[in-house]
Amino acid sequence: MSVSCTKSLSLWSISLLLGGAALLGCTGATSHDPPFSADAQVPDMSKGGSDSPPKTYTAPLDSGEWDSLDFEARKQFMRDMVMPTMRPLFQEFDATRFAALSCGTCHGTGVSGDFALPTADLPALSSQALMNPEESQKPMLDFMRNVVKTRMSELLGHDPADFKCSACHMSAP
């Protein structure tokens, strides 16, 4: 395996561990993550200029609904549905690594701003690494493909077949 490919796979593995799904939502605390507590939640941004109380989400979104939500509603949905759903899944996969799952796990430094994805804070993924992962990367890749991708696509009202790694991860050369 070439040095370039090895470096790419190494970065890929680190990224998956730090950003796992992202995907749309979160990593365990590492030296690269912002200092969040194990109880970290999406900040409550619902208090503000609106006279009406924020909507509370109790079910996955309908197809296309995510696109119609404004920024505040998206944060509320993340707080109500994504974190409570995804945190236990990540912690079941690796309780130590994902003990402090937070917004920064998936969104990285975006937690201080727009939460935009894909983010450079997650590992960049190459098609080669995805198609032919090293043995040590297979458990994380399986978890991301079969658990994170599937569950996040359901929560956001997307067809899992249309929900791509590139929704959260940038592409590596």
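None of the figures in this text is laboratory data; all of them are computed from the coordinates on show. What you see is a predicted model, and the numbers here were worked out from it, not measured in a lab. Neighbour counts are summed over all protein chains in view; Cβ atoms, including those assigned to glycine, are modelled from backbone coordinates with ideal geometry.
Things to note:
- The set of residues in the stretch 120-140 that are surrounded by fewer than 20 Cβ atoms within 10 Å (Cβ to Cβ), over 30 Å from Asp70 (Cβ atoms) and among the hydrophobic types (A, V, I, L, M, F, W, C) comprises Leu130, Met131.
- Filtering the stretch 125-153 to residues that are small (Gly, Ala, Ser) and within 13 Å of Cys165 (Cβ to Cβ) leaves Ser126, Ser127, Ala129, Ser153.
- Some residue of the stretch 98-112 being loosely packed, with under 14 Cβ neighbours inside 10 Å, over 30 Å from Pro173 (Cβ atoms) and among the hydrophobic types (A, V, I, L, M, F, W, C): yes
- Just one of the listed residues (Met140, Met131, Met83) is closer than 22 Å to Met170 by Cβ and under 14 Å from the mean Cα position of the chain (by Cα), and it is Met140.
- Contacts under 6 angstrom Cβ, first residue in the stretch 77-96 being within 13 Å of Met152 (Cβ to Cβ), partner small (Gly, Ala, Ser), 6 or more apart: Val82/Gly25; Met86/Gly25
- Evaluated against (1) touching a Leu at 6+ places or on another chain (Cβ under 7 Å); (2) among the charged types (D, E, K, R); (3) over 19 Å from Tyr57 (Cβ atoms), Arg87 falls short on exactly one condition, (3).
- Whenever a residue of the stretch 119-144 is over 24 Å from Glu92 (Cβ atoms), its partners that are aliphatic (A, V, I, L, M) and buried (at least 18 other Cβ atoms within 10 Å of the Cβ), lying with C-beta atoms within less than 8 angstrom and at least six residues away or across chains, give the pairs Ala124/Ala172; Ser126/Ala172; Ala129/Leu9; Ala129/Ala172.
- Selection status of Leu117, outside any helix (DSSP H, G or I), out of contact with any Phe, Trp or Tyr (no Cβ under 8 Å at 6 or more places or on another chain) and crowded, with 20+ Cβ neighbours inside 10 Å: yes
- The one condition in (1) in a helix (DSSP H, G or I); (2) surrounded by 14 or more Cβ atoms within 10 Å (Cβ to Cβ) that His158 fails to fulfil: (1)
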